[in-house]
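Below you'll find the structure, written out as structure tokens, and then a few comments.
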Amino acid sequence: MKLTAWGRYPQIKANGVTFETRAQLGRLLSSTDPVIPYGMGRSYGDSALNPKVILTNRFDKILGFDQKTGLLHVECGVTLADIIDIFLPRGWFLSVTPGTRFITVGGAISSDVHGKNHHKVGCFSRFVHYLELMLPSGDVLHCSPDENGDLFRATCGGMGLTGIILTAAIQLQPVRSGFIRETDIRCRNLEEAFHQFEANAASTYSVAWIDCLQRGGNIGRSILMLGEHADTGHLAPKFRTPLPMPITLPGLLLNRYSVAMFNRFYYRSYPNYVEDRLTPMEPFFYPLDRITAYGRMYGRHGFTQYQLALPKESSYEGLRTIMDRIAAEGIGSFLGVLKLLGPGNDNYLSFPLQGYTLALELKIEPRLFRVLDELDRIVLDHGGRLYLTKDVRMGRDMFIRGYPRWKEFESVREKYGLKSKLQSLQSERLGI
Amino acid sequence: MRLLILGGNSDIALATARVFAREERADVVLASRDMEVLEKRAADIRLRYRVRAESVYFDACDYESHPAFYAGVTPKPDGVVLAFGTYAEQSDVGDDFEKGRQLIDTNFTGAVSILGIVASDFERRGHGFIIGIGSVAGLRGRQSNYLYGASKAGLGVYLAGLRNRLSKCGVHVMTVLPGFVRTKMTEALDLPGALTASPEDVAADIYRGFCKRKNTIYSKWFWRIIMGMIRVTPEPIFKRLTM
Ligand SMILES: Cc1cc2nc3c(=O)[nH]c(=O)nc-3n(C[C@H](O)[C@H](O)[C@H](O)COP(=O)(O)OP(=O)(O)OC[C@H]3O[C@@H](n4cnc5c(N)ncnc54)[C@H](O)[C@@H]3O)c2cc1C
Ligand SMILES: NC(=O)c1ccc[n+]([C@@H]2O[C@H](COP(=O)([O-])OP(=O)(O)OC[C@H]3O[C@@H](n4cnc5c(N)ncnc54)[C@H](OP(=O)(O)O)[C@@H]3O)[C@@H](O)[C@H]2O)c1
């Protein structure tokens, strides 16, 4: 089968196999070819790609739910969309959700995803009570911060390279409504955006959409969106089925002019200040879920996301420099997202660190990777790193310097005999 | 509503059971051979939708067991989904009669055996519906899978006949004709992405067809057009094609 992830780059020929019981998975793992698990393919790059992949979509059963405590036990192929559909009407929501609900629980743990509430609660893994991991040997280990802790810390954020997460027990949070009270604030530049992020650090949810083509005093022009769970409104607002993007548009349609026009329009479409608007969860958390495969608008060469995190001390300086470069190069980013991050955690390859993260969605074009190589240097100079789940091109050096705990990750891979059996195009590129 | 799903371990069956449990709050009885998987599925449906879901052993090829099997389903179902089936490429069957018979015994004879029992019960009660899963492969014989196609063609004619008979007593029969679907049945095949549906797509089509009391549905819808073109191609031309 042809296989690709969200960025539609690269596309490879792969052999995909599925399973519905542990015994079936054990048999699949006993073959000698290296494999990597593949969930919903919502990672952007090549972390879930390999000539042989284990598709987890059929391992998707709910195993238990405690209505009193909100502890949910599921198989790895259950999606966040399933969890919302089933449990939101019963008054429970995800403790951490990324910007799309069409990902699996296995994928959420492997990327240790973060949401708009990272500054308050941290990553997805914080709400994983335990997980069961099948090693290539077929052995299943129970992992939590206290039990097989090294394997737990390597698996959360470990990009599928430590085994197949079979099941996980995750903590949901109680909610009284399927609505969010949303506040939007227009920020004229980066300084104002930073100021507003800090001033609103007590908000449960915060994220800013940022116009990356602005220069000079307008650099960082953005709209900060804040949210709190509402007490009013009902529990089951209709989540709409995504509209398909039926054709791949010519990539040329997306250029610095069209992006600039869009950004101007989008920025102006927000009033200066909106307070406490009751918004259903779907458009608040998942604006991009409206269109399936929206990436087709980037043309047939596909796209990527460049997501970096910088420590707080150097964030302002670093982000200004980076956005300056981007504007100077005119590589239009349709989607730029800025977010304040809370402290990092103990997992070896988890992405967030205390500071700011910027995510830019970029069309693949010949000069792009050269520009990104330059940005890499700026990121490193400011003590930052790139998000593995979005990455499709960084080199080994960038990885090692961005993730100083990579050695601990390596030694777990060695200790449990994982190196020769679990590999992705990404792990080969990074030499891990 | 109480729904009996024959071949409850089919991937299309699971997706269909989930849709009916969600939309109709239907209780489901999953019937198939692999009891480990079947019970896992039933437990999942109970937790997801808070409906009753049971698993029962059923072998489509053990015809003698069918009367007792159906008698054991209590209370009687309001609807039956026939989903079991086996697939083989013609290149794997060849002219080996035993292999060919396996397809026919399951897809056709097994269906006739169990649906006969269901039909007379529904007719007597003047109540019920039957959803039978055929295949677009049963609409025209092609060298790549004509024995499978023949077993599904037989099923298609049988379902049409049942529909004709049972319409007189208010029992509806719907024939489902899927094209390519990504399930464990087709895992080893290299299916063309753009034409291939997910089991959830097919289940959604089935549920929509059920609500509208359709007689025959294609899934996805464009197979109606593709098969229309294949069916009108004159035999002298068709027989020279390699399909
Ligand atoms: C529109 C959009 C918005 C997004 N927003 C955010 C965001 O706000 N925050 C954020 O953190 N991320 C975000 N992401 C990224 C996304 O959440 C992650 O890439 C996530 O890991 C995708 O999950 P998946 O199930 O699709 O996994 P895949 O893309 O299929 O795989 C991702 C990784 O998980 C591994 N994996 C999958 N299943 C298992 C398993 N059972 N056991 C072990 N390893 C496994 C794979 O090997 C691979 O390394 C966004 C993505 C999109 C498309
Ligand atoms: N997938 C496609 O592309 C496609 C296309 C057109 C039509 N169809 C038809 O759609 C239906 C469902 O297919 P699917 O893709 O969902 O297949 P699937 O996942 O492979 O499931 C088929 C199921 O049939 C059951 N079965 C086989 N022989 C049986 C027997 N003798 N008794 C009881 N159960 C038996 C098996 O159950 P156990 O595991 O319990 O043995 C198996 O799980 C089939 O009729 C198929 O022919 C499929």
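The values are calculated or read from the model by the stated rules, or taken from the named source; none is laboratory data. Everything numeric in this text was worked out from a predicted model, so none of it was measured. Counting neighbours? That spans all protein chains shown, and the Cβs are built from the backbone with ideal geometry, glycine included. These area figures cover heavy atoms from the full protein model, side chains too; ligands, DNA and RNA do not enter into them. Shrake-Rupley method; radii C 1.70, N 1.55, O 1.52, S 1.80 Å.
Summary table
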| quantity | calculated |
| --- | --- |
| Residue identified as within 15 Å of ligand 2 (Cβ to nearest atom), touching a residue at least 24 places away in the same chain (Cβ under 8 Å) and among the acidic types (Asp, Glu) among B:ASP34, B:ASP78 | B:ASP34 |
| Test result for B:GLY85, within 30 Å of B:GLN143 (Cα to Cα), within 12 Å of ligand 2 (Cβ to nearest atom) and more than 14 Å from every other protein chain (Cβ to nearest Cβ) | yes |
| Scan of the range A:116-125 for residues that are in contact (Cβ under 8 Å) with a residue 60 or more places away in the chain, assigned to a helix (DSSP H, G or I) and surrounded by 19 or more Cβ atoms within 10 Å (Cβ to Cβ), ordered by number | A:HIS118, A:HIS119, A:SER125 |
| Test result for A:ILE12, surrounded by fewer than 20 Cβ atoms within 10 Å (Cβ to Cβ) and more than 9 Å from chain B (Cβ to nearest Cβ) | yes |
| Which numbered condition A:PRO271 fails, given (1) assigned to a loop (DSSP other than H, G, I, E, B); (2) without any contact (Cβ under 8 Å) to a residue 60 or more places away in the chain | (2) |
| Residues of the range A:204-221 that turn out to be surrounded by 22 or more Cβ atoms within 10 Å (Cβ to Cβ), among the small types (Gly, Ala, Ser) and more than 21 Å from the chain's Cα centre (by Cα), as a count | 1 |
| Residue that is farthest from ligand 1 (Cβ to nearest atom) [pool: residues in the range A:46-82 that are more than 10 Å from chain B (Cβ to nearest Cβ) and of a type in the set (Val, Ile, Thr)] | A:THR69 |
| Unique match (being away from ligand 2 (no atom under 16 Å from the Cβ) and more than 28 Å from A:GLY220 (Cα to Cα)) among A:LYS339, A:LYS419 | A:LYS419 |
| Residue in the range A:310-318 that is open to solvent by 70 Å² or more (accessible area, probe 1.4 Å) and hydroxyl-bearing (Ser, Thr, Tyr) present | yes |
| Spans of helices (runs of 4 or more DSSP H) in the range B:25-100 with at least 1 residues surrounded by fewer than 20 Cβ atoms within 10 Å (Cβ to Cβ) and within 16 Å of ligand 1 (Cβ to nearest atom) | none |
| Near pairs, Cβ below 6 angstrom, 6+ apart or cross-chain, from the range A:237-259 (closer than 24 Å to B:ALA194 by Cα) to any residue that is open to solvent by 100 Å² or more (accessible area, probe 1.4 Å) and at pLDDT 70 or above | A:THR248/A:ARG300; A:GLY251/A:HIS301 |
| Residue among B:ALA204, B:ALA153, B:ALA160 that is more than 8 Å from ligand 2 (Cβ to nearest atom), assigned to a helix (DSSP H, G or I), within 14 Å of chain A (Cβ to nearest Cβ) and open to solvent by less than 50 Å² (accessible area, probe 1.4 Å) | B:ALA204 |
| So A:ARG370, is it charged (D, E, K, R) and assigned to a helix (DSSP H, G or I) | yes |
| Check on B:VAL19, touching a helix residue (DSSP H, G or I) at 6+ places or on another chain (Cβ under 7 Å), within 14 Å of chain A (Cβ to nearest Cβ) and of a type outside the set (Lys, Arg) | yes |
| Failed condition for B:ALA13, given (1) of a type in the set (A, V, I, L, M, F, W, C); (2) more than 9 Å from ligand 2 (Cβ to nearest atom); (3) open to solvent by less than 20 Å² (accessible area, probe 1.4 Å) | (2) |
| Within the range A:43-74, tally of residues that are closer than 20 Å to A:PHE93 by Cβ and away from ligand 2 (no atom under 16 Å from the Cβ) | 13 |
| Lone unmet requirement of (1) within 19 Å of B:LEU14 (Cα to Cα); (2) touching a residue at least 12 places away in the same chain (Cβ under 8 Å); (3) over 19 Å from the mean Cα position of the chain (by Cα) for B:LYS40 | (2) |
| Selection count, the range A:70-83, where residues are surrounded by fewer than 22 Cβ atoms within 10 Å (Cβ to Cβ) and touching a residue at least 24 places away in the same chain (Cβ under 8 Å) | 4 |
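Condition check ((1) polar (S, T, N, Q); (2) surrounded by 19 or more Cβ atoms within 10 Å (Cβ to Cβ); (3) in a loop (DSSP other than H, G, I, E, B)) across all residues:
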position: A:ALA327; (1), (2), (3): no, yes, no
position: A:LEU335; (1), (2), (3): no, yes, no
position: A:PRO343; (1), (2), (3): no, no, yes
position: A:ASP346; (1), (2), (3): no, no, yes
position: A:PRO352; (1), (2), (3): no, yes, yes
position: A:GLU365; (1), (2), (3): no, no, yes
position: A:GLY383; (1), (2), (3): no, no, yes
position: A:GLY417; (1), (2), (3): no, no, yes
